[in-house]
1. Quickly run through the stretch 31-51 and pick out the residues that are without any contact (Cβ under 8 Å) to a residue 40 or more places away in the chain and surrounded by 10 or more Cβ atoms within 10 Å (Cβ to Cβ).
2. Have a look at 22, 8 and point out the one that is loosely packed, with under 13 Cβ neighbours inside 10 Å, modelled with pLDDT of 90 or more and either in a helix (DSSP H, G or I) or within 11 Å of the chain's Cα centre (by Cα) (or both).
């Protein structure tokens, strides 16, 4: 597991009660990023890209399974 826990932000955003709440979560993540030093921002970006790729692959897998695509 990486240094940053993107899953907690992702789950919170998925379960947000409103678009305003989602925007607040996004703002919180951006402020967290801004508080990091330059070296940690690089790691953050790399880990975020990896997280997003994995999430997209999971979504595609579920979609393909539900639609019967092999």
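1. 32, 33, 36, 40, 41, 42, 45, 46, 49
2. On inspection, the qualifying residue turns out to be 8.
The values are calculated or read from the model by the stated rules, or taken from the named source; none is laboratory data. What you are looking at is a predicted structure, and each value in this text was computed from that prediction instead of being measured. Counting neighbours? That spans all protein chains shown, and the Cβs are built from the backbone with ideal geometry, glycine included.
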